[in-house]
1. Restricting the range 46-90 to residues that are among the charged types (D, E, K, R) and loosely packed, with under 12 Cβ neighbours inside 10 Å, which is modelled with the highest pLDDT?
2. Checking the condition assigned to a helix (DSSP H, G or I) and in contact with a Ser or Thr (Cβ under 7 Å, 6 or more places away or on another chain), which residue from L151, L155, L186 passes?
3. Could you please tell me which pairs satisfy a Cβ distance under 7 Å, a separation of 6+ or placement on different chains, a first residue in the range 173-190 that is within 13 Å of L111 (Cα to Cα), and a second residue that is part of a loop (DSSP other than H, G, I, E, B) and away from the ligand (no atom under 12 Å from the Cβ)?
4. Just wondering, is there one or more residues in the range 165-182 that are basic (K, R) and away from the ligand (no atom under 16 Å from the Cβ)?
5. How many residues, within the range 91-110, are assigned to a helix (DSSP H, G or I) and surrounded by 15 or more Cβ atoms within 10 Å (Cβ to Cβ)?
6. Would a scan of the range 135-144 turn up a residue that is more than 16 Å from the ligand (Cβ to nearest atom), part of a loop (DSSP other than H, G, I, E, B) and not acidic (D, E)?
7. Take the residues of the range 66-114 that are polar (S, T, N, Q) and without any contact (Cβ under 8 Å) to a residue 60 or more places away in the chain: which is nearest to L18 (Cα to Cα)?
8. For T135, indicate whether it is among the hydroxyl-bearing types (S, T, Y) and touching a Ser or Thr at 6+ places or on another chain (Cβ under 8 Å).
Amino acid sequence: LFAGETDFLKGVVAMDGLPPADRIEVCFAGRSNVGKSSLINALTGRKGLARASNTPGRTQEINYFTAGDLYVVDLPGYGFANAPLPVVEKWQRLLKNYLRGRQTLRRVFVLIDARHGAKAVDDEIMSLLDSAAVTFQVVMTKVDKLRGDALQQSLDKTRAALVKHPAAFPELILTSSEKGDGIETLRAIIAGID
Ligand code: GDP
């Protein structure tokens, strides 16, 4: 789907910097270190592509990639440990305006580390998506790090947390960027979005 046709377009810091809404877009969100860059790189088949969004200074930007007919949007990892309050507030305002106002945004993939399950900040972003009426789907990352019962428990807990979010897809997508699990499935899901 994406291989060889994905490129970094721009980092957006304000609503007026968004590219023209001339195609549909999907968005990836998740806490820092959840494995978001690794997943985007695995999906696009381009190592290092999403690293841009992790470099200092890029962490409060909405990062746009072109991927075939789509925009793929990388939201910075939330939970800025040391950011000053005005920076956090500016970012939250941009995020809200983006999620509420972007007509072409079709789905947000919320990444959750299979080992840790949904944390309070994940719940916050999911509530924001509910209120913006943006459909989202949870992607469990690093499933290779858990097996058997531990994985099952984590999935059960996450599914239970989704019940109270009306904008959530009930099905979880299980992925490992390291082993390749779920990558084809996720590509197919993205390809099916219109
Ligand atoms: P980001 O901050 O969300 O972009 O996270 P990264 O993609 O940089 O990944 C954070 C850490 O988790 C890195 O050390 C990765 O090597 C590791 N990681 C990412 N995906 C996986 C995975 O599927 N399996 C395992 N075992 N480790 C992973």
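1. Filtering the range 46-90 down to residues among the charged types (D, E, K, R) leaves 46-47, 51, 58, 61, 69, 74, 89-90.
Going one step further and asking which of them are loosely packed, with under 12 Cβ neighbours inside 10 Å, we end up with 47, 69, 89.
Working: K47: 72, D69: 90, E89: 86.
Only one residue fits best here, namely D69.
2. Details: L151 fails: in contact with a Ser or Thr (Cβ under 7 Å, 6 or more places away or on another chain); L155 fails: in contact with a Ser or Thr (Cβ under 7 Å, 6 or more places away or on another chain).
Matching residue, one of L151, L155, L186: L186.
3. none
4. Going through the range 165-182, the residues basic (K, R) turn out to be 179.
Within this subset, residues satisfying the condition of being away from the ligand (no atom under 16 Å from the Cβ) are none.
Within the range 165-182, none of the residues are basic (K, R) and away from the ligand (no atom under 16 Å from the Cβ).
5. The first filter runs over the range 91-110 and keeps only residues assigned to a helix (DSSP H, G or I), leaving 91-101.
Remaining after also requiring surrounded by 15 or more Cβ atoms within 10 Å (Cβ to Cβ): 91, 94-95, 98-99.
Here the count works out to 5.
6. Taking the range 135-144 and keeping what is more than 16 Å from the ligand (Cβ to nearest atom), we get 135-137.
Retained after the next criterion (residues that are part of a loop (DSSP other than H, G, I, E, B)): 135.
Then keep just the ones that are not acidic (D, E); that gives 135.
Yes, the range 135-144 contains a residue that is more than 16 Å from the ligand (Cβ to nearest atom), part of a loop (DSSP other than H, G, I, E, B) and not acidic (D, E).
7. Ranking the candidates gives Q92 first.
8. Values: among the hydroxyl-bearing types (S, T, Y): yes; touching a Ser or Thr at 6+ places or on another chain (Cβ under 8 Å): no.
Spelling it out, it is not the case that T135 is among the hydroxyl-bearing types (S, T, Y) and touching a Ser or Thr at 6+ places or on another chain (Cβ under 8 Å).
The values are calculated or read from the model by the stated rules, or taken from the named source; none is laboratory data. A quick note: this is a predicted structure, and the numbers were derived from the prediction, not measured. Ideal geometry is used to build each Cβ from the backbone, glycine not excepted, and the neighbour counts take in all protein chains shown.
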